[in-house]
Amino acid sequence: MTTHSIPPPSSVSAPTKRTSSGTSPRALLLDLDGVLLDTRPVMERAWREVQATHGLAMPFASYEHHLGREFIDIMHRLGVGDAELVNETYETASRSASHLARQFAGIAEVLHAFAAADWRLGVVTSKPLDRAAPLLAQLGCPFATVRTPGNLGRAKPAPDPILLALIDLGVDPSEATYVGDMAVDQESAARAGVAYVHAGWGYGQPASPTPEILASPQELLQLLHSVEPSEPFIEGSLV
């Protein structure tokens with residue numbers, strides 16, 4: 001069987017106005033940490049437990065720099081040995097500290113507005129499902145799919161989880177937008193051919209070329225007005 005490598009992203013689509021067929025469903029996909037929920041206090045406490053249990057002097061900032069990737073991948077990039085044992089400690093501590101997570105102001109209302117406009121909602125995160133699900137339940141929103149590293153395919157920054165989420169939703173990449181807060185989110189969206197917007201209220205900085213950066217969850221509502229009719233109005237037509 002012949003395989004083909006996926007080239008690195010050369011550009012990132014901004015959520016500018018696009019033409020709609022009028023019948024194609026639209027999707028809003030979102031990262032979890034730093035986009036839907038402020039989980040930094042959870043991660044900081046879990047990292048302190050890792051430091052204490054494994055005698056790791058590496059600061060939290062070093063771990064935070066790689067957020068968006070799978071935990072084991074981050075450990076390898078940081079040169080941390082016994083990554084599986086460290087992961088067990090981190091996951092146990094994260095579950096114990098999950099009550100510290102808080103949803104970003106206005107995000108639930110924004111998601112309900114998209115659902116009311118018939119957009120299909122999904123989550124693409126590198127957090128394991130058993131930890132992501134209880135956090136997402138706080139939002140009370142109708143997510144139609146949640147893609148995590150436990151699913152099929154490669155993890156971010158590969159395009160797989162975004163494309164699999166769109167298969168779940170029955171939405172074409174041209175009709176989808178992914179909202180992330182790390183450069184790996186941006187790369188994953190670009191490789192999937194999906195428009196990307198950067199959550200400026202999150203934890204990381206975007207890569208080049210600079211995508212659309214939003215300052216607050218409420219600014220996502222501009223996407224609801226970004227689809228133009230496929231045919232222009234002509235004189236005498238009904239509006």
For this session: Could you check how many residues of the range 209-228 are in a loop (DSSP other than H, G, I, E, B), at pLDDT 95 or above and either open to solvent by less than 40 Å² (accessible area, probe 1.4 Å) or among the small types (Gly, Ala, Ser) (or both)?
Result: 3
For this session: Report, ordered by the first and then the second residue, all pairs with beta carbons closer than 6 Å, sequence separation of six or more or different chains, a first member in the range 207-228 that is within 19 Å of Gly68 (Cα to Cα), and a second member that is assigned to a strand (DSSP E or B) and at pLDDT 95 or above.
Result: Pro211/Tyr196; Pro211/His198; Glu212/Val197; Ile213/His198; Leu214/Val197
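The rows are residues; the columns are (1) in contact (Cβ under 8 Å) with a residue 40 or more places away in the chain; (2) touching a Ser or Thr at 6+ places or on another chain (Cβ under 9 Å); (3) open to solvent by less than 40 Å² (accessible area, probe 1.4 Å).
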| site | (1), (2), (3) |
| --- | --- |
| Ala101 | yes, yes, yes |
| Ala113 | yes, no, yes |
| Val124 | yes, yes, yes |
| Pro128 | no, yes, yes |
| Ala132 | yes, yes, yes |
| Leu139 | yes, no, yes |
| Pro142 | no, no, no |
| Ala183 | yes, no, no |
Exercise. On the given criteria, is Val42 more than 25 Å from Phe104 (Cα to Cα) and crowded, with 16+ Cβ neighbours inside 10 Å?
Worked result: no
Exercise. Any residue at all in the range 45-61 that is open to solvent by less than 50 Å² (accessible area, probe 1.4 Å), basic (Lys, Arg) and in contact with a helix residue (DSSP H, G or I) (Cβ under 8 Å, 6 or more places away or on another chain)?
Worked result: no
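The values are calculated or read from the model by the stated rules, or taken from the named source; none is laboratory data. The structure displayed is predicted, hence computed values, not measured ones. All Cβ positions, glycine included, derive from the backbone under ideal geometry; neighbour counts span all protein chains shown. Just the protein is used for accessible areas: all its heavy atoms, side chains included, with ligands, DNA and RNA removed. Shrake-Rupley method; radii C 1.70, N 1.55, O 1.52, S 1.80 Å.
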